[in-house]
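For reference, the structure discussed in these notes is given below.
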Amino acid sequence: MRFSSFSGRTLLVSHIIAVYTVPMFHSFSQNDVVQVAEALLRWFEIHKRPLPWRQRYTPYEIWISEVMLQQTQMERGVSYFLRWMTRFPDVRSVAEAPEEEILRYWEGLGYYRRARFLHQAANIMLEQYDGTVPDSVEALSALPGIGEYTVAAILGIAYERNIVSVDANVERVFSRLLNVDSPVKKNPAASFIRKEARRLLPDGRARAYNQALMELGALICGKTPQCSLCPLSVWCVARKLGLERERPVSAAKTSIVPVSSVHGILICERNVLLFQRAPSGLWGNMWEFPGVLIKNETPEDALIQTMKNLGLPTEIIAPLGCVQHSYTNHKLTARFFRIDTVPHLSMKEISARLGDNIHRFVPWNKTEELAMPAHHRKMAERYFLRKHRIKAEQLPLQEGNHETHCLLD
Ligand code: SF4
């Protein structure tokens, strides 16, 4: 792989050479570097969105917003951010909160490991940095859950250091501007994009520059680029070659693995039985309806056997439908059934049989206070909370609502 410099006039020649020799990335000329950056910053000044963390640019708010936005759409991210800041206005409030509450406020964003890391990092910041977000690459990189991108975003956007943060938006913009024809997440393209992004950074303007690139990728140079609105279109190589929709080049897709689970909703005296997952691993420490992953057996058999293993002979009362949920490279179909013990046991008798602290009866209208994986939350809302909002006393104690369709997450 070779890199070369070009100006607009030499574009065609460069392209012909590229076609007949080896794959090659274009690179901005020194003259273009200044003009592209200026055009980008001018555009950002006019078109930037009034996001809540753009009012004060505190390192804490930039940190939280960046972690949240890594996994959600902007509109949703803003509502989570505002809710979070009301409850956790600073590092200390995060550090001193129980993990369960952190997870509850994070619920729905997914990637719960990030919330746990965030909690751990806040504790370290409180102990070692007096409750402030540190301002060096070394200190930030040593914190749990803060990777290269977040370090760069905090230092560039909050502390205005001359450092660039390259996210998927920035990769997409540069892959088109410079017609990068190999997967952007892998070298040599990945390091080339970072090098070019760094070349364009005007001294002392990291805050505006980093956000401008991300904003351009989010608003103009998205999946379907709006080149007629783009302030950088005159420098865009992919557009000139008619290849903007072919960029960025993605790596081969990983295959999706389907998995199934089954869960029982066991209600006793207006309380529902929940199970707390182990602290480590997927959805660690979160609460869910007891159940099991299904292999070859029927969901009903798998559920009855699981409950029996807990010392609770059980019968199926009614199917409640299923929820589909995607995570990493898995697509989970979770089936839910209303169940009861045979013979019918009281809450006290069931608790005595379980004899552990990872199962707990919770008043059915209090499940929203506990952190739950998204598919369990969705079923809980369907089964309990909607009824609660309508009229609490109407909750059927023995009947399911017989939803049989799948709810898409
Ligand atoms: S001209 Fe089009 S493809 Fe090129 S950077 Fe602008 S929006 Fe993206």
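The values are calculated or read from the model by the stated rules, or taken from the named source; none is laboratory data. What you see is a predicted model; the values in this text were computed from it and never measured. Every residue, glycine among them, receives a Cβ derived from its backbone with ideal geometry; neighbour counts consider all protein chains shown.
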Exercise for the section: Go through the range 159-170 and give me each residue that's more than 18 Å from the chain's Cα centre (by Cα) and within 14 Å of the ligand (Cβ to nearest atom). Expected result: none
Problem - helices (runs of 4 or more DSSP H) wholly inside the range 161-222 containing at least 3 residues that are touching a Gly at 6+ places or on another chain (Cβ under 9 Å) and in the same structural domain as residue 241 (by TED's automatic domain parsing) - result: 168-177, 206-219
Problem - Failed item, numbered, when residue 138 is tested on (1) within 20 Å of the chain's Cα centre (by Cα); (2) more than 16 Å from the ligand (Cβ to nearest atom); (3) in a helix (DSSP H, G or I) - result: (1)
Practice task
Output the number of residues of the range 116-167 satisfying the condition of being surrounded by 15 or more Cβ atoms within 10 Å (Cβ to Cβ), within 30 Å of residue 221 (Cα to Cα) and not β-branched (Val, Ile, Thr).
Solution key: 12
Exercise for the section: Tell me, please, whether a residue that is near the ligand (Cβ under 9 Å from one of its atoms) and among the polar types (S, T, N, Q) can be found in the range 261-280. Expected result: no
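Scanning for something away from the ligand (no atom under 12 Å from the Cβ), under 22 Å from the mean Cα position of the chain (by Cα), modelled with pLDDT of 95 or more and of a type in the set (A, V, I, L, M), does the range 219-241 turn up at least one residue? If you could, list the steps in order and put the result at the bottom.
Step one: filter the range 219-241 for residues away from the ligand (no atom under 12 Å from the Cβ), giving none.
No: the range 219-241 contains no residue that is away from the ligand (no atom under 12 Å from the Cβ), under 22 Å from the mean Cα position of the chain (by Cα), modelled with pLDDT of 95 or more and of a type in the set (A, V, I, L, M).
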Completion exercise
Checked 178, 213 against criteria (within 16 Å of the ligand (Cβ to nearest atom), in contact with a strand residue (DSSP E or B) (Cβ under 6 Å, 6 or more places away or on another chain) and in contact (Cβ under 8 Å) with a residue 40 or more places away in the chain); the one match is 178
Handout entry: Boolean, residue 248 is part of a loop (DSSP other than H, G, I, E, B), under 26 Å from residue 327 (Cα atoms) and modelled with pLDDT of 95 or more
Key = yes
Exercise for the section: Identify the residue in the range 242-260 that is within 16 Å of the ligand (Cβ to nearest atom) and without any contact (Cβ under 8 Å) to a residue 40 or more places away in the chain and, among all such residues, is farthest from the chain's Cα centre (by Cα). Expected result: 242
